[in-house]
Amino acid sequence: SQQGEEDPQALSIQEGENATMNCSYKTSINNLQWYRQNSGRGLVHLILIRSNEREKHSGRLRVTLDTSKKSSSLLITASRAADTASYFCATDATGGFKTIFGAGTRLFVKA
Amino acid sequence: GAVVSQHPSWVICKSGTSVKIECRSLDFQATTMFWYRQFPKQSLMLMATSNEGSKATYEQGVEKDKFLINHASLTLSTLTVTSAHPEDSSFYICSANRGTEAFFGQGTRLTVV
């Protein structure tokens, strides 16, 4: 399969709680990106982390990257109902330009 | 930031007809663009790599005669779904790279009736 793995596949939390999603990939990468997609809509770019970076923050988002384990995590702190969406990681493999998506995590934040 | 524009955002067509989807890089040149398909509640699957001035490269299992790709200029790639069938109904998204960053179009929702 061309896809990486993401877990959990689905996550349901209360507003105000933190949400953590994990992504694993298969090949060496140039960078890894996280996207959000509301139901049936286009992708919203959240954050990009390069292969030589280990952690990155953007507002309520925190992304980590462990290239030795070929994995990344996305943490959303103090979640809001508006964070309800599907979240995908996507990797650009070293030596190539294709962006390959993980299977995605469907996050549901209950108000 | 770089912008990739995709048109139309949605289209409904009859079985057996063909539909063309356009993907434009608005403020940069893209020798390579990518086409993805997404079925409901699934992830985005890469269909093909569109190469300016040469043939597209298709992923395994994607029919090149059904999904025609043309990349005639450095800012435009088109995907034509030929002889569309209801099972082709899906969300199609294009992307273009500027450097090592990928920029995505808004997507096209195709419904074949």
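The values are calculated or read from the model by the stated rules, or taken from the named source; none is laboratory data. Here the structure is a predicted model, which is why all the values come from computation and not from measurement. Virtual Cβ from ideal backbone geometry, glycine too; neighbours counted across all protein chains shown.
Looking across region A:24-41, the residues that are surrounded by 18 or more Cβ atoms within 10 Å (Cβ to Cβ) and within 14 Å of B:LEU44 (Cβ to Cβ) come down to A:GLN33, A:TRP34, A:TYR35, A:ARG36, A:GLN37. Selection over region B:1-36 of residues that are among the hydroxyl-bearing types (Ser, Thr, Tyr) and in contact with a helix residue (DSSP H, G or I) (Cβ under 9 Å, 6 or more places away or on another chain) gives a count of 1. Taking region A:66-78, which residues are out of contact with any Cys (no Cβ under 6 Å at 6 or more places or on another chain), buried (at least 22 other Cβ atoms within 10 Å of the Cβ) and not β-branched (Val, Ile, Thr)? The one that is out of contact with any Cys (no Cβ under 6 Å at 6 or more places or on another chain), buried (at least 22 other Cβ atoms within 10 Å of the Cβ) and not β-branched (Val, Ile, Thr): A:LEU74. For region A:56-64, state whether one or more residues are crowded, with 17+ Cβ neighbours inside 10 Å and within 12 Å of chain B (Cβ to nearest Cβ). Looking for residues that are crowded, with 17+ Cβ neighbours inside 10 Å and within 12 Å of chain B (Cβ to nearest Cβ), one finds none in region A:56-64, hence no. Reported count of residues in region B:82-109, each being under 13 Å from B:TYR36 (Cα atoms) and not in a loop (DSSP other than H, G, I, E, B), is 13.
Table: residues versus (1) touching a His at 6+ places or on another chain (Cβ under 8 Å); (2) surrounded by 16 or more Cβ atoms within 10 Å (Cβ to Cβ); (3) away from every other protein chain (no Cβ under 14 Å); (4) within 27 Å of A:SER39 (Cα to Cα).
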| residue | (1), (2), (3), (4) |
| --- | --- |
| B:SER15 | yes, no, yes, yes |
| B:ASP27 | no, no, yes, no |
| B:GLN42 | no, no, no, yes |
| B:MET47 | no, yes, no, yes |
| B:GLY61 | no, no, no, yes |
| B:SER73 | no, no, yes, no |
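Within region A:36-66, the set of residues being out of contact with any strand residue (DSSP E or B) (no Cβ under 8 Å at 6 or more places or on another chain) and polar (S, T, N, Q) comprises just one member, A:ASN52. Taken over region B:49-68, the residue count meeting the criterion of being assigned to a strand (DSSP E or B) and at pLDDT below 95 is 4. Tell me which residues, restricted to region A:98-111, are surrounded by 17 or more Cβ atoms within 10 Å (Cβ to Cβ) and more than 15 Å from the chain's Cα centre (by Cα). Those that are surrounded by 17 or more Cβ atoms within 10 Å (Cβ to Cβ) and more than 15 Å from the chain's Cα centre (by Cα): A:LYS98, A:VAL109. Would you say A:ALA85 is closer than 20 Å to B:LEU44 by Cα, at pLDDT 95 or above and buried (at least 17 other Cβ atoms within 10 Å of the Cβ)? So A:ALA85 passes the test. Residues in region B:1-13 that are out of contact with any Asp or Glu (no Cβ under 8 Å at 6 or more places or on another chain), under 22 Å from B:VAL113 (Cβ atoms) and either among the hydroxyl-bearing types (Ser, Thr, Tyr) or within 12 Å of another protein chain (Cβ to nearest Cβ) (or both): B:SER9, B:TRP10. Restricting attention to region A:92-104, the residues being in a strand (DSSP E or B) and either in contact with a helix residue (DSSP H, G or I) (Cβ under 9 Å, 6 or more places away or on another chain) or facing chain B (nearest Cβ under 10 Å) (or both) number 5. Only a single criterion out of (1) without any contact (Cβ under 8 Å) to a residue 12 or more places away in the chain; (2) within 14 Å of chain A (Cβ to nearest Cβ) is not satisfied by B:LYS55, namely (2). Whenever a residue of region B:92-113 is under 12 Å from B:PHE28 (Cβ atoms), its partners that are assigned to a loop (DSSP other than H, G, I, E, B), lying with C-beta atoms within less than 6 angstrom and at least six residues away or across chains, give the pairs B:ALA96/B:ALA30; B:ASN97/A:PHE97; B:ARG98/B:ALA2; B:ARG98/B:PHE28; B:PHE103/B:ALA2.
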